[in-house]
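First comes the structure, then the notes that go with it.
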Amino acid sequence: MSDTTNVAGLEKKDYAGLKSTLCIGCGHDQITREIIAAAFESGVDPYNVVKTSGIGCSSKTPAYFIGNGYGINSVHGRMPSIATGANMANKNLITIGVSGDGDTASIGMGQFCHAMRRNTNMVYIVENNGVYGLTKGQFSATSDKGAKKKGGELNDYADIDLCALALELGCGFIARSFSGDMKQMTTLIRAAMNHDGFALIDCISPCVTFNNLKDSTKGFDWLRENNVQLHEVGFVPEYEAEKVEQRAGETVTVPMPHGGFITLTALDDEKHDPTDPAAARRVLERSRLDEGHVFTGLVYYDRESQALDRTLNLADEPLCGMNEDQLRMSEADFGTLVDSFC
Amino acid sequence: MRPTAGAKSLRASRLRLPRVPINDFTINVATVNGSGSASSNTIVAKTIFRMGVPITPKNLFPSNIAGLPTWFLMRVSEKGYQCRSGRHDVTVAMNAATAVDDIADLAPGGVLFIDESIPAAKSIERTDIAVHLVPFAKIAKEYAPDVRLRKLLANMVYVGVLTEMLGFDHDTVMSVVAEQFSGKEKVVKLNQDVVNAGIAHAREHCDASSVEFKIEARNLTQGKMFIEGNTAAAIGCLMGGCTFCGWYPITPSSSLCEDFISLAKKHRIDAGTGKQNFAAVQAEDELASLGLVLGAGWAGARSMTATAGPGISLMAEFAGFGYYAEIPGVVFDVQRVGPSTGMPTRTQQGDLSLCVNLSHGDTGHIVLIPAGPEELYEISAQAFDIAEKYQTPVFVLTDLDMGMNNWMSDRFEYPKGGFDRGKVLTAEQLKKVEDYGRYKDEDGDGIPYRTLPGTHHPKAPYFTRGSGHDEYAGYTEKSPAYIKVIDRIARKIAGSVVDLPKPVIGGDESAEIGIIHYGSTMYAVEEARDILAENGVKTRDMRVRSVPLHDEVVEFVNSCNVVYVAEQNRDGQLADLIRLKTPGSAGKIKKALYYAGMPMAAAPVVDAIMADVKEPAHV
Ligand SMILES: Cc1ncc(C[n+]2csc(CCOP(=O)(O)OP(=O)(O)O)c2C)c(N)n1
Ligand code: SF4
Ligand SMILES: [Mg+2]
């Protein structure tokens, strides 16, 4: 590993994708860069990456990162089923799903909930801008009640808090972040890729074209000013485990079941313990009541999480590679089966 | 809805084959659902089957868990007819709520066994039937003080009565009872005792000479299977190498997935690790089911789902995605009566046009239409080869009558040859490919080459999308690039015909009247053709087994003076497809339809043709 290559001997450019076609300054492009950085830093094998998405500006982004991964841009709101199916066929692949707040919190709400309930092994990033970008700026289900659109129109309905919903549904990895926080997002994505199960990152990602008014809680200005980190999150992969020792003092290390650690360094007196569901609930409640701030970081982490492929006790070899010798019973067993109907 | 003998709402044909009382009649058992009649019904059916006499049972059940009327029709036919006969010769009336109708529906010369406590039993006016009042409940009571158990046992009393009156072999009945409750010694003994009590009662109180219908042992079922269509399809999936099932419960398809899963739990466990060589996920709805199937198919697993019409409607968006992004998957549609929720426990063939053109834009899916368990088994397995070879969702059309009833079938054969996994490029093969494009037509057959996620070669990764794409899978809004791909897909699907099951042609080659049919309608046509022949009307027939249609269909139409398309839907969906394919002959294509929801009988086909024979059709 040199300065410019990672543990897999690859350079950052090996994780690049096509040139983005999103509006200049769009938060989604920041997340694209963060995904690239995370995959590079963790030395992910690009050919083993599956990139899934629904429909929306956000859902276009899998074309813009890890070009040597396999992308599948499905239909609006239904990416979780595609991701789950692909994961069943080949459980060795790393699945990174990208969705929007419209794609997830409205049309895709059902699939989103059920993927969490089943615990599909995937990273699920909601690029949350509070609007439907691609259809030109309608309010989404994550817009705040009373939020104002460019033309002055107000949103009449309360927002859905995707992290609170995830906690309710037993999701084992729940994070909230801001696209503008490169360091936090990159770390969270790395930890999420190392998680066994569904890892949600609800990342506020401003739409500069339709929802970036000065006082919008999904706009850059407001977020830069009012984003409060719950802690400084760090991720230490298995191959760097010795680094954990060096962290002293206020840092808490949380080992992950497949190796590697999450490290958490408190930034103020309110030390958030993400392994405690009650604490997670409190943080989300605080976030909801405190309209002046948004709290970002790792909200909840369940070390016991077990992904769907383990629940189903899937064979070690991926199903996609199995041939007739493995999949057909013997002629004698077949005869017995047929006899049972005679 | 009740099983009116001869479906009064339609022109019921009075043309029948001559009736023979030995091994040629229909038994109707009228009960209440949830009363446990399934065991006794199965025992009677299996006993007759084991006596070597062909029998086809049809379970007419309500969309309800308990308390509504249910009928179990068992057609005994030495000639092997398996469609609904349309007449009831022997009726066992156990349900007070339907007794009046059940009595009215008995054919002249029929025999009635009715529970003596049913009010209608006291005022039977018909003199053309033999009536036997039987204290079913009372006899059962002696064996079970418990009310629930008594209800179950009352059904076993009827097994005894029929054994005596219709001449079942005693040893066979006893062994089938033992098999039905195998593993539970006490239950076996109790049920056998009650059957014997029924026999004793009948011997003492019922006049056997009043019953001309008898079962005589034959050896016509030896080596044959007796199996539900859904189970046959599930075995096909298993042997066809399906490793993924994503599904959502709906009548009449649920048992297809449930059977697949239970078979896989037995036959797909890795011997070394005890782990599963398959995955099954019960989805949140059918759109998700198809998403799961396509996700798995895209990543290289053979995958399937099964549903009925309402589920197919929900799947529409993903069906178009699978078609355009060229992803394999197998979708079973076990049809029931539509539109909307329709009659969920009644049968129809109303989804053909829906499946052919599912989703918006130009589509045109491959649809396979097996008939009979043997074909359900074989074609279900073959569907995975076709889906992977043509990289597209494949629909397998069956129906409630096929899927949920037991049918007599030849033994299934162990598959010959391996899987056809289609054009999949490995990293090794890619080294030799100069210019790889996921959607390029390298071979001129419209079938592109695909790579699977995880393939380690810089040329392998591509981006799959339902939005406009060029031959290299790149996003496009350019007209020529779009046209190139969409036209190639049309060619690919049209070309698939060479691998699809061919139509099966039968009957009298010199006949000028042709009948085209598909799926379970086959059984009705089989008997209808014999009835017509008896009445001097020669016919030939063609059973279509797939869409896109083969050229043989055109040739068949051309070679007949008039063609009746027999199917179970209101609008004649196959007839319309055939008319589109044979525009010049559209005028000679007529419709012989039945869509009232009962398993189809011969009558609608006979009637449609005889009406024209009497007043010759101008063709
Ligand atoms: C079935 C269906 N309905 C509607 C649309 C139109 N549509 C495309 S993107 C979109 C909203 C996307 O919003 P979001 O998921 O928040 O993504 P963003 O563009 O904001 O990143 C809608 C409604 C569609 N593509 N498919
Ligand atoms: S419309 Fe908004 S969300 Fe879409 S690309 Fe532009 S800035 Fe981004
Ligand atoms: Mg949005």
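The values are calculated or read from the model by the stated rules, or taken from the named source; none is laboratory data. Remember, it's a predicted structure, so these values are computed and weren't measured experimentally. Reconstructed Cβ throughout: ideal geometry from the backbone, glycine too, with neighbour counts over all protein chains shown. Remember, those area values only see protein heavy atoms, side chains included, never the ligands or the DNA or RNA. Shrake-Rupley method; radii C 1.70, N 1.55, O 1.52, S 1.80 Å.
Would it be correct to say that B:V76 is part of a helix (DSSP H, G or I) and open to solvent by less than 10 Å² (accessible area, probe 1.4 Å)? First the steps, then the outcome.
Numbers: part of a helix (DSSP H, G or I): no; open to solvent by less than 10 Å² (accessible area, probe 1.4 Å): yes.
So B:V76 fails the test.
Within the stretch B:116-126, can one find any residue that is part of a loop (DSSP other than H, G, I, E, B) and buried (at least 21 other Cβ atoms within 10 Å of the Cβ)? Full working, then the answer.
Step one: list which residues in the stretch B:116-126 are part of a loop (DSSP other than H, G, I, E, B), which gives B:116-118, B:124-126.
Still in the list and also buried (at least 21 other Cβ atoms within 10 Å of the Cβ): B:118.
Yes, there is a match, as at least one residue in the stretch B:116-126 is part of a loop (DSSP other than H, G, I, E, B) and buried (at least 21 other Cβ atoms within 10 Å of the Cβ).
Check A:V244 against each of (1) free of Cβ contacts under 8 Å to residues at least 40 places away in the same chain; (2) open to solvent by 50 Å² or more (accessible area, probe 1.4 Å); (3) of a type outside the set (K, R) and name the one condition it does not meet.
In the conditions (1) free of Cβ contacts under 8 Å to residues at least 40 places away in the same chain; (2) open to solvent by 50 Å² or more (accessible area, probe 1.4 Å); (3) of a type outside the set (K, R), A:V244 misses (2) alone.
Given (1) farther than 20 Å from A:N92 by Cβ; (2) surrounded by 24 or more Cβ atoms within 10 Å (Cβ to Cβ), where does B:S254 come up short, assuming only one miss?
So B:S254 meets the others, but not (2).
Quick one: A:S305 ticks every box in (1) within 10 Å of chain B (Cβ to nearest Cβ); (2) open to solvent by less than 70 Å² (accessible area, probe 1.4 Å); (3) small (G, A, S) except a single one, so which number is it?
Condition not satisfied by A:S305: (1).
Quick check on the stretch B:200-218. Is at least one of its residues open to solvent by 50 Å² or more (accessible area, probe 1.4 Å) and among the β-branched types (V, I, T)?
no
Tally time: how many residues in the stretch B:469-486 are within 17 Å of B:T392 (Cα to Cα) and open to solvent by less than 30 Å² (accessible area, probe 1.4 Å)? First the steps, then the outcome.
Going through the stretch B:469-486, the residues within 17 Å of B:T392 (Cα to Cα) turn out to be B:469, B:471, B:473, B:485-486.
Those left that are additionally open to solvent by less than 30 Å² (accessible area, probe 1.4 Å): B:469, B:473, B:485-486.
Count: 4.
Would you mind telling me which numbered condition in (1) within 28 Å of B:S85 (Cα to Cα); (2) touching a Pro at 6+ places or on another chain (Cβ under 6 Å); (3) in contact (Cβ under 8 Å) with a residue 40 or more places away in the chain B:M542 fails?
Among (1) within 28 Å of B:S85 (Cα to Cα); (2) touching a Pro at 6+ places or on another chain (Cβ under 6 Å); (3) in contact (Cβ under 8 Å) with a residue 40 or more places away in the chain, the lone unmet condition for B:M542 is (3).
In the stretch A:199-218, what residues are surrounded by fewer than 23 Cβ atoms within 10 Å (Cβ to Cβ), more than 16 Å from A:G25 (Cα to Cα) and within 16 Å of ligand 1 (Cβ to nearest atom)?
A:T217
Do we find a residue being more than 20 Å from A:M182 (Cβ to Cβ), at pLDDT 95 or above and within 16 Å of ligand 3 (Cβ to nearest atom) anywhere in the stretch A:28-49?
no
Only one of these is in contact (Cβ under 8 Å) with a residue 40 or more places away in the chain and part of a strand (DSSP E or B): B:T305, B:T251. Name it.
Numbers: B:T251 fails: part of a strand (DSSP E or B).
The match here is B:T305.
Examine the stretch A:114-126 for a residue that is within 16 Å of A:D159 (Cβ to Cβ) and within 10 Å of ligand 3 (Cβ to nearest atom), and state whether such a residue exists.
Let us first name the residues in the stretch A:114-126 that are within 16 Å of A:D159 (Cβ to Cβ), namely A:126.
Restricting the remaining residues to those that are within 10 Å of ligand 3 (Cβ to nearest atom) gives A:126.
Yes, there is a match, as at least one residue in the stretch A:114-126 is within 16 Å of A:D159 (Cβ to Cβ) and within 10 Å of ligand 3 (Cβ to nearest atom).
Being open to solvent by 30 Å² or more (accessible area, probe 1.4 Å) and part of a loop (DSSP other than H, G, I, E, B) narrows it down to one of A:D196, A:D159, A:D221, so name that one.
Working: A:D196 fails: open to solvent by 30 Å² or more (accessible area, probe 1.4 Å); A:D221 fails: part of a loop (DSSP other than H, G, I, E, B).
After ruling out the rest, the residue left standing is A:D159.
crowded, with 22+ Cβ neighbours inside 10 Å and either touching a residue at least 60 places away in the same chain (Cβ under 8 Å) or in contact with an Asp or Glu (Cβ under 6 Å, 6 or more places away or on another chain) (or both): does that describe A:M182?
Criteria not met by A:M182.
Under 6 Å by Cβ, and 6 or more places apart or on different chains, what pairs join a residue from the stretch A:295-315 that is at positive phi with one that is of a type in the set (D, E, K, R) and open to solvent by 10 Å² or more (accessible area, probe 1.4 Å)?
Note: pairs meeting the criteria are A:N313/B:K275.
Just to be sure, is A:F334 of a type in the set (F, W, Y) and within 10 Å of another protein chain (Cβ to nearest Cβ)? Working first, answer last.
On the way: of a type in the set (F, W, Y): yes; within 10 Å of another protein chain (Cβ to nearest Cβ): yes.
In short, yes.
Looking only at residues that are in a helix (DSSP H, G or I) and in contact with a Ser or Thr (Cβ under 6 Å, 6 or more places away or on another chain) in the stretch A:171-192, which one is nearest to ligand 3 (Cβ to nearest atom)? Give the derivation first.
Taking the stretch A:171-192 and keeping what is in a helix (DSSP H, G or I), we get A:182-192.
This time we only want the ones that are in contact with a Ser or Thr (Cβ under 6 Å, 6 or more places away or on another chain), so: A:184-185, A:188, A:190.
Working: A:Q184: 20, A:M185: 17, A:L188: 19, A:R190: 24 Å.
Checking each candidate, the answer is A:M185.
If A:F341 passes every condition in (1) surrounded by fewer than 19 Cβ atoms within 10 Å (Cβ to Cβ); (2) within 14 Å of chain B (Cβ to nearest Cβ); (3) not in a loop (DSSP other than H, G, I, E, B) but one, which one does it miss?
(3)
Within the set of pairs 6 or more residues apart or between chains, which connect a residue that is within 14 Å of another protein chain (Cβ to nearest Cβ) and hydrophobic (A, V, I, L, M, F, W, C) inside the stretch A:127-138 to a residue that is within 9 Å of ligand 2 (Cβ to nearest atom) and not in a loop (DSSP other than H, G, I, E, B) with Cβ atoms less than 7 Å apart?
A:L134/A:C57
Quick check: anything in the stretch B:486-494 within 28 Å of B:K591 (Cα to Cα) and at pLDDT 95 or above? So that I can check it myself, show each step before the final result.
So in the stretch B:486-494, the residues within 28 Å of B:K591 (Cα to Cα) come out as B:493-494.
After this cut, where a residue has to be at pLDDT 95 or above as well, the list is B:493-494.
Taking every residue of the stretch B:486-494 in turn, at least one turns out to be within 28 Å of B:K591 (Cα to Cα) and at pLDDT 95 or above.
Assuming B:E471 fulfils every condition listed in (1) more than 13 Å from every other protein chain (Cβ to nearest Cβ); (2) under 39 Å from the mean Cα position of the chain (by Cα) apart from one, which condition is it?
(2)
Checking the condition part of a helix (DSSP H, G or I), touching a residue at least 24 places away in the same chain (Cβ under 8 Å) and open to solvent by 50 Å² or more (accessible area, probe 1.4 Å), which residue from A:R288, A:R282 passes? Don't jump to the end; show me each part of the working.
Values: A:R282 fails: touching a residue at least 24 places away in the same chain (Cβ under 8 Å).
So the residue among A:R288, A:R282 that is part of a helix (DSSP H, G or I), touching a residue at least 24 places away in the same chain (Cβ under 8 Å) and open to solvent by 50 Å² or more (accessible area, probe 1.4 Å) is A:R288.
Residue-wise test of (1) of a type outside the set (A, V, I, L, M); (2) more than 8 Å from chain A (Cβ to nearest Cβ); (3) within 22 Å of the chain's Cα centre (by Cα); (4) surrounded by fewer than 24 Cβ atoms within 10 Å (Cβ to Cβ).
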| residue | (1), (2), (3), (4) |
| --- | --- |
| B:K265 | yes, yes, no, yes |
| B:A271 | no, yes, no, yes |
| B:E284 | yes, no, no, yes |
| B:A301 | no, no, no, no |
| B:A306 | no, yes, yes, no |
| B:G309 | yes, yes, yes, no |
| B:G320 | yes, yes, no, yes |
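Would you confirm whether any residue within the stretch A:86-94 is more than 7 Å from every other protein chain (Cβ to nearest Cβ) and without any contact (Cβ under 8 Å) to a residue 60 or more places away in the chain?
Checking the stretch A:86-94: not a single residue is more than 7 Å from every other protein chain (Cβ to nearest Cβ) and without any contact (Cβ under 8 Å) to a residue 60 or more places away in the chain.
Going through the stretch B:229-248 one residue at a time, which ones are assigned to a loop (DSSP other than H, G, I, E, B) and open to solvent by 10 Å² or more (accessible area, probe 1.4 Å)?
So in the stretch B:229-248, the residues assigned to a loop (DSSP other than H, G, I, E, B) come out as B:240-243, B:248.
B:Y248 - this is the single residue of the stretch B:229-248 that is assigned to a loop (DSSP other than H, G, I, E, B) and open to solvent by 10 Å² or more (accessible area, probe 1.4 Å).
Tell me which residues, restricted to the stretch A:314-332, are part of a helix (DSSP H, G or I) and either surrounded by 13 or more Cβ atoms within 10 Å (Cβ to Cβ) or touching a Ser or Thr at 6+ places or on another chain (Cβ under 8 Å) (or both). Spell out the reasoning first.
In the first step, residues of the stretch A:314-332 are kept if they are part of a helix (DSSP H, G or I); the result is A:319-321, A:324-327, A:331-332.
Hits for the stretch A:314-332 are A:L319, A:C320, A:G321, A:E324, A:Q326, A:L327.
Tally up the residues in the stretch B:215-263 that are within 11 Å of chain A (Cβ to nearest Cβ) and among the basic types (K, R), please.
The qualifying residues number 1.
Restricting attention to the stretch B:163-184, does a residue exist that is within 23 Å of B:S77 (Cα to Cα), assigned to a loop (DSSP other than H, G, I, E, B), within 14 Å of chain A (Cβ to nearest Cβ) and among the charged types (D, E, K, R)?
Scanning the stretch B:163-184 turns up no residue that is within 23 Å of B:S77 (Cα to Cα), assigned to a loop (DSSP other than H, G, I, E, B), within 14 Å of chain A (Cβ to nearest Cβ) and among the charged types (D, E, K, R).
Conditions first: (1) more than 16 Å from ligand 2 (Cβ to nearest atom); (2) more than 14 Å from the chain's Cα centre (by Cα); (3) free of Cβ contacts under 8 Å to residues at least 40 places away in the same chain. A:S106 passes all but one, so which condition is the exception?
Among (1) more than 16 Å from ligand 2 (Cβ to nearest atom); (2) more than 14 Å from the chain's Cα centre (by Cα); (3) free of Cβ contacts under 8 Å to residues at least 40 places away in the same chain, the lone unmet condition for A:S106 is (1).
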